[in-house]
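The values are calculated or read from the model by the stated rules, or taken from the named source; none is laboratory data. Quantities reported herein were computed from a predicted structural model and do not represent experimental measurements. A quick note on method: Cβ atoms are made from the backbone with ideal geometry, for glycine too, and the neighbour counts reach across all protein chains shown. Accessible surface is based on the protein model in full, side chains and every heavy atom, while ligands, DNA and RNA are left aside. Shrake-Rupley method; radii C 1.70, N 1.55, O 1.52, S 1.80 Å.
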Amino acid sequence: MSKSEAPVVHEMIQPLAWILGKWRAEEGGSGQYPTINNFEYGEEAEFFTVGQPNVQFSLYSWNAQSKIPLHREIGFIRIKPGTNKIALISAQNSGVTDIEEGEVKDGELTVETTTIHRISFSKEPETKKVVRTFQRTGDELKQVLSMETSRTPLTEHLSITYKKVD
């Protein structure tokens, strides 16, 4: 099946159908953390299915001023059968992979890391926890991500609101 053909949304992922599609914010994302300078970014988020009982996703961000690529993340979202429990599995260009678990309900999903792995030559500080929420309102999708590191307690790090483009 080509990507242009819309696959049937597997019945197991119907509770996630609201997030499917391409979302984009040219700018307007805000990044902050006690150990870095604040920054603005843009990002494209795509959530799609190929008919299997999972959602595939990609998040590609860039510096809002210079347009230089920043964070890249790809992965999958799965639902525990018969529940609203979900797992988000991600691989990032920073050398981090993680599993985040939580719940989905009424156009919102919230997850928190249960497992984080990083490549052996990652630089400090080490990420200890991530909590993220996606919430849809109409044709907007908001993501808020908080992070705890080996040096900083859980603190909001990123916030962005995308517009639906596809």
Pairs only if they're at least six apart or on different chains, beta carbon under 9 angstrom, first in segment 110-134 and free of Cβ contacts under 8 Å to residues at least 12 places away in the same chain, second open to solvent by less than 60 Å² (accessible area, probe 1.4 Å); list them, first residue then second.
-> 120/95
Test each condition in (1) under 18 Å from residue 158 (Cβ atoms); (2) open to solvent by 70 Å² or more (accessible area, probe 1.4 Å); (3) free of Cβ contacts under 8 Å to residues at least 60 places away in the same chain for residue 63 and report the one that comes out false.
-> (2)
All-but-one check, residue 68 against (1) under 18 Å from residue 160 (Cα atoms); (2) under 12 Å from the mean Cα position of the chain (by Cα), failing number (2)
Do we find that residue 163 is in a strand (DSSP E or B), within 14 Å of residue 25 (Cβ to Cβ), at pLDDT 95 or above and open to solvent by 30 Å² or more (accessible area, probe 1.4 Å) in this structure?
-> yes
Selection within segment 16-33 - touching a residue at least 40 places away in the same chain (Cβ under 8 Å) and open to solvent by 10 Å² or more (accessible area, probe 1.4 Å) = 18, 21, 22, 24, 28, 30, 32, 33
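Before we move on, is residue 59 farther than 17 Å from residue 17 by Cβ and either of a type in the set (S, T, N, Q) or modelled with pLDDT of 95 or more (or both)?
Working: farther than 17 Å from residue 17 by Cβ: yes; either of a type in the set (S, T, N, Q) or modelled with pLDDT of 95 or more (or both): yes.
Judged against the criteria, residue 59 is a match.
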